[in-house]
Amino acid sequence: MPMTASDDRLFSPSASRNRDPILQVLRQLLPKSGCILEIASGSGEHITWFASHLPGLTWQPSDPDAAGRASIAAHTAAQKLENVLPPLAIDTTNPGVPDIACVAMTCCNMIHISPWAATEGLFALADSLLPGGSGLYLYGPFKRDRVHTAPSNATFDADLRRRNPDWGIRDMADLTALGERHGLTLTETIPMPANNFSLWFQKAVEIG
């Protein structure tokens with residue numbers, strides 16, 4: 001359960017542990033300017049950390065949960081960040097297509113704690129919004145070749161499925177196939193601490 005401050009800010013211990021390794025990967029993958037759309041921003045700790053260290057980018061947070069959006073706004077205000085936009089209420093199980101001009105998208109720790117329909121909606125949204133040559137960044141635990149990459153992930157996956165049968169750690173092969181249906185190719189698979197991965201799906205450049 002996320003901890004909370006006296007205002008609307010929520011805090012997650014895992015966010016403070018993994019934000020630096022994720023930031024180092026994003027420095028390599030993201031463009032130097034433009035707007036980054038984050039899906040499932042949660043408490044807002046990730047996006048405000050990235051925004052404070054990558055000030056050349058504008059960051060658009062989003063979350064379907066009202067408490068999450070309030071936390072994002074509170075973190076942004078507390079840090080006086082001018083490159084973080086007000087959070088949007090985007091639910092990828094029913095996303096529509098928001099009017100956003102973004103140069104990349106990020107999504108951390110959503111896919112395993114949401115139904116598969118949310119992942120399908122995420123890739124459909126990336127297909128609709130991303131220009132050719134840009135990409136979708138994912139972070140979290142994933143199976144590889146139908147096998148868990150660590151015993152702890154297998155235990156975690158079983159717990160997730162007990163809590164909600166629509167949740168669970170997804171296989172990279174299924175994400176790769178889903179990406180291909182939306183013109184997104186898995187070009188980077190980067191091992192991360194705590195048996196997680198960074199995945200980068202690049203949008204094809206249209207010719208002609």
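The values are calculated or read from the model by the stated rules, or taken from the named source; none is laboratory data. Values in this document were obtained by computation on a predicted structure and should not be read as measured data. Virtual Cβ from ideal backbone geometry, glycine too; neighbours counted across all protein chains shown.
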| All but one of (1) in contact with a helix residue (DSSP H, G or I) (Cβ under 7 Å, 6 or more places away or on another chain); (2) buried (at least 21 other Cβ atoms within 10 Å of the Cβ) hold for Leu130; which doesn't? | (1)
| field | Selected residue (only one of Ala40, Ala66 is closer than 23 Å to Gly121 by Cβ, free of Cβ contacts under 8 Å to residues at least 24 places away in the same chain and either of a type in the set (Gly, Ala, Ser) or in contact with a strand residue (DSSP E or B) (Cβ under 9 Å, 6 or more places away or on another chain) (or both)) | value | Ala66
| What tally of residues in region 102-127 results from selecting those that are of a type outside the set (Asp, Glu) and touching a helix residue (DSSP H, G or I) at 6+ places or on another chain (Cβ under 8 Å)? | 15
| request: Go through region 158-207 and give me each residue that's modelled with pLDDT of 95 or more and over 19 Å from the mean Cα position of the chain (by Cα). | output: Ala158, Asp159, Arg161, Arg162, Arg163, Asn164, Pro165, Arg181
| Which one of these does Ala89 not meet: (1) surrounded by 16 or more Cβ atoms within 10 Å (Cβ to Cβ); (2) over 19 Å from Trp200 (Cα atoms)? | (1)
| query | within 25 Å of Gly44 (Cα to Cα), small (Gly, Ala, Ser) and modelled with pLDDT of 95 or more, is that true of Ala118? | reply | yes
| task | Can you confirm whether region 10-30 contains a residue that is at pLDDT 95 or above, aromatic (Phe, Trp, Tyr) and either under 30 Å from His148 (Cα atoms) or surrounded by 22 or more Cβ atoms within 10 Å (Cβ to Cβ) (or both)? | result | no
| Just a yes or no: is a residue in region 91-111 part of a helix (DSSP H, G or I) and closer than 23 Å to Glu188 by Cα? | yes
| Could you give every pair whose Cβ atoms fall below 6 Å, whose first residue belongs to region 71-83 and is in contact (Cβ under 8 Å) with a residue 24 or more places away in the chain, and whose second residue is of a type in the set (A, V, I, L, M), counting only separations of at least 6 or pairs across chains? | Ser71/Leu10; Thr76/Val84; Leu81/Ala51; Asn83/Ala51
| message | Any residue at all in region 167-183 that's in contact with a Phe, Trp or Tyr (Cβ under 8 Å, 6 or more places away or on another chain), among the small types (Gly, Ala, Ser), surrounded by 18 or more Cβ atoms within 10 Å (Cβ to Cβ) and within 26 Å of Ser14 (Cα to Cα)? | response | no
| query | Taking into account only those residues within region 31-41 that are of a type outside the set (A, V, I, L, M) and buried (at least 24 other Cβ atoms within 10 Å of the Cβ), which is farthest from Ile72 (Cα to Cα)? | reply | Glu38
| message | Need a quick list: strands (runs of 3 or more DSSP E) entirely within region 119-208 having at least 1 residues that are more than 21 Å from Asp91 (Cα to Cα) and not aliphatic (A, V, I, L, M). | response | 184-192, 196-203
